[in-house]
Amino acid sequence: MDDMLKEFVVEALELASNVEEHLLSLERNPDDLNTLNAVFRSFHTIKGGAGFMNLQPMVSACHLTENLFDALRNGQVPVTPMAIEAALQASGFVADQLSELANGAQPDSLPAMPASLESILTSAIESGAAAATASTAQTAASSTVTTSAAATSSDDGIDWNALYQAVVPAGTVVPATPAAPEPAAAVAPAAVVPASVPAATPAAAAPGKGWDGVERRGGNAGGSASVKEDSIRIDAVKLDTLLEVAGESVQAANQAAVLLEKLSQFPVEGQAATLMAALQETLSRASRYSTELQRATLSTRMQPVGKLFQRFPRLVRELAKDLGKDVDLLIEGAETEVDRVVVDSLYDPLVHMLRNSLDHGIEDAVTRAASKKPAKSMIKLKAWQEASSVMIEISDDGKGMDPQQLRNKALSKGLITEAQAQSTEEALQLVFLPGFSTKEVANSVSGRGVGMDVVKTAVEKHRGAITIDSQLGAGTRFLIRLPIELSIVPTMLVRSSDAALALPMAVVERVVELPEEFEYQVGGAPVLRDQGRPLPVRSLAGALGYELATERVGVVITAPQPYILSVGAVEGTADLVIKPMTAMSVPGIAGTARSAEGELVLVVGLSFLLEGGRPTAKMAA
């Protein structure tokens, strides 16, 4: 893909995603003229760029949709469910074509606009126009000509529709509808466009509220100062490389500081002492700058989760419509930032969870009425920052999950034994087992037993964890915990069975001293009373399968069921640059890192700790 086409695809994809959000807002507030104008401008902008790139299917779809919204915003056609549905289908078609281009497809290989899309767009215009009275239609028609002429001319007097005609190859046939005719200037022959551009009428050149393309050109023709670019696009691969180099520089600076500290233990005199002091100062400055470079590089990878969340309202709308359910999606905390890799990888897991919530969790209208619940059900998608983690919550006010039913289903499928999943928390975790589903017959939405397993795998891949809280008859709440930064993790360094290990600080509460003999035991396991609450004590070496050794230090772990993790020693804290284990998989270990002394450190997985430092049902199965 050449650079010009690549830049168009990136910008058009952003416009297309915003269009979808505007359309769903317009469905709730059909009289919002600002939203109508925003959708019109977006399709108009995409059409102009697509025409320049000779992407005719996209031009045709945008042209028809532009006609529809030109009629909508001028009152010639009312905002109807058919109009919204037609625009959503057009937006989806444009987004699909842009995605294919982004994935390497050649422009000439893109499919043509489907006849069904052309039909629904045309019908939306014609049916709306037929419903209007003759007098209203006449007024709207005259308003359409005036408004369209003004909208297509910018502050600098350029007729953008005429300019579009100039860049579209001669002889191109673009479908049009009689309900929203283009202004005369827009259909002028391409040969006369250059002469007509400077000859714009005063009315056309008058200031307007519509966007006129000035930002895209970086300036205007009116003599005012040019618009300064405050951002640039950088290939994500280059950012990843920069982050890796910055991380290695921090690691090298830390190791050099340790070596210098050891060297300073030897006596030095005279000029050597002066040089040693200068070296210490220089190394301290280099370490500080390398850390700042690393933090600055990390910040370039951060993206608001709203970029991900804005893709779900339409999914929920259409799926609820297919299932015959009335559902609202409430989004909170869209401004919360997280590593872009997490944003990119969480789409499929969240789709699975939303589909399950709609199909399994939300009851039909009759059942909700019998339970005296509101007819309109609610699904909440919320994000917030907690310490060094990002929390994402997906909750609903549906029927909830029955732990005993889940356990019985898993037993009948042979996924667990009678001795497993005895507690409520363990029974709820069964939904993450491969092949588990409570549905007898699979449908197009769910029931094949693959969705939630994919969710857990994707979350743990990024050193995250997921927990479930459900109340029968009240609803279900899934909570995902992910590190804000994937490359650097604040950790507590411990040693157990002579192995160097690191625990994520996100779940470390405090350190306590363990007695030689425990006063209490439950089921053969030691219990220590901490701040008035009895907590089970579990050996980290034993949980990881290491040889048991003396462990007199306990780390209190903040988990759904808090407990104390016994270790041999605590050696401090450190922000470690984590490298994932790609060649092999070790239960309980999320990755590796190097300490300041250069020693290899194994980083214990967050989900392993949140699940009590014990093998999960998935491992056991």
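The values are calculated or read from the model by the stated rules, or taken from the named source; none is laboratory data. Quick caveat: nothing in here was measured; it's all calculated off a predicted structure. Here the Cβ is made from the backbone with ideal geometry for all residues, glycine too, and neighbour counts use every protein chain on show. Each accessible area value is taken on the protein alone, full model and side chains, heavy atoms only, with ligands, DNA and RNA left out. Shrake-Rupley method; radii C 1.70, N 1.55, O 1.52, S 1.80 Å.
Worth a mention:
- Ordered by solvent-accessible area of protein heavy atoms (1.4 Å probe), largest first, the residues Ile331, Ile564, Ile468 come out as Ile331, Ile468, Ile564.
- Charge tally in the Cβ shell below 13 Å around Ala61, where Lys, Arg are +1 and Asp, Glu are -1, Ala61 excluded: -2
- Model label sites at Ser99 and Asn18, defined 7 Å from Cα along the beta-carbon direction, differ in position by 2.1 nm.
- Using the Cβ-Cβ distance between Val237 and Met82 with R0 = 45 Å, the FRET efficiency computed as 1/(1 + (r/R0)^6) comes to roughly 0.55.
- Projected label distance in nm at Gln471 and Thr367, using a 7 Å step from Cα toward the beta-carbon: 1.9 nm
- Loop sites in the range 345-420: trypsin sites (Lys or Arg not before Pro), DSSP, at most 15 other Cβ within 10 Å: Lys372, Lys376, Lys413
- Computed from label points 7 Å out along Cα-Cβ, the spacing between Ala583 and Ala334 is 4.5 nm.
- Added length on full extension, which subtracts the Cα-Cα distance from 0.36 nm per residue, Asp2 to Ser119: 38.8 nm
- DSSP-assigned coil residues among chymotrypsin sites (Phe, Trp or Tyr not before Pro) in the range 470-565, each with at most 10 further Cβ atoms within 10 Å: none
- Distance between the range 57-123 and the range 3-39 - C-alpha centres, whole angstrom: 12 Å
- Positive minus negative residues near Leu24 (Lys, Arg vs Asp, Glu; Cβ under 13 Å): -2
- Three-way shape label, the range 346-421, alpha-carbon gyration tensor, a/c 1.5: oblate
- Taking 0.36 nm per residue of separation and subtracting the Cα-Cα distance, full extension of the segment from Gln405 to Ser109 would add 101.5 nm.
- Stretch gain in nm, segment Glu261-Arg510, where the contour uses 0.36 nm per residue and the Cα spacing is subtracted: 86.8 nm
- When the residues Lys262, Lys238, Lys456, Lys325 are ordered by accessible surface, computed with a 1.4 Å probe over the protein chains alone, the sequence from largest down reads Lys238, Lys262, Lys325, Lys456.
- What the Cβ-Cβ distance of Val268 and Ala296 gives, at R0 = 41 Å and to the nearest 0.05, is a FRET efficiency of 0.70.
- Too-long pairs where the Cα-Cα distance tops 22 Å, listed order kept, from Lys6/Lys382; Lys321/Lys373; Lys321/Lys399; Lys372/Lys456: Lys6/Lys382; Lys372/Lys456
- The residues His462, His22, sorted by heavy-atom accessible surface at 1.4 Å with ligands and nucleic acids left out, run His22, His462 from largest to smallest.
- Where GluC sites (Glu not before Pro) fall in DSSP loop in the range 532-588, at most 11 other Cβ within 10 Å: Glu547
- Where the range 527-621 is the region considered: accessible area per residue in Å², 1.4 Å probe: 48 Å²
- When the Cα positions of Leu298, Ala277, Ala256 are compared along the charge dipole of the range 245-312, Leu298 comes out farthest toward the positive end, with charges on each C-beta of Lys, Arg, Asp and Glu.
- Look at where the Cα atoms of the range 271-309 and of the range 240-258 average out, and the two centres are 9 Å apart.
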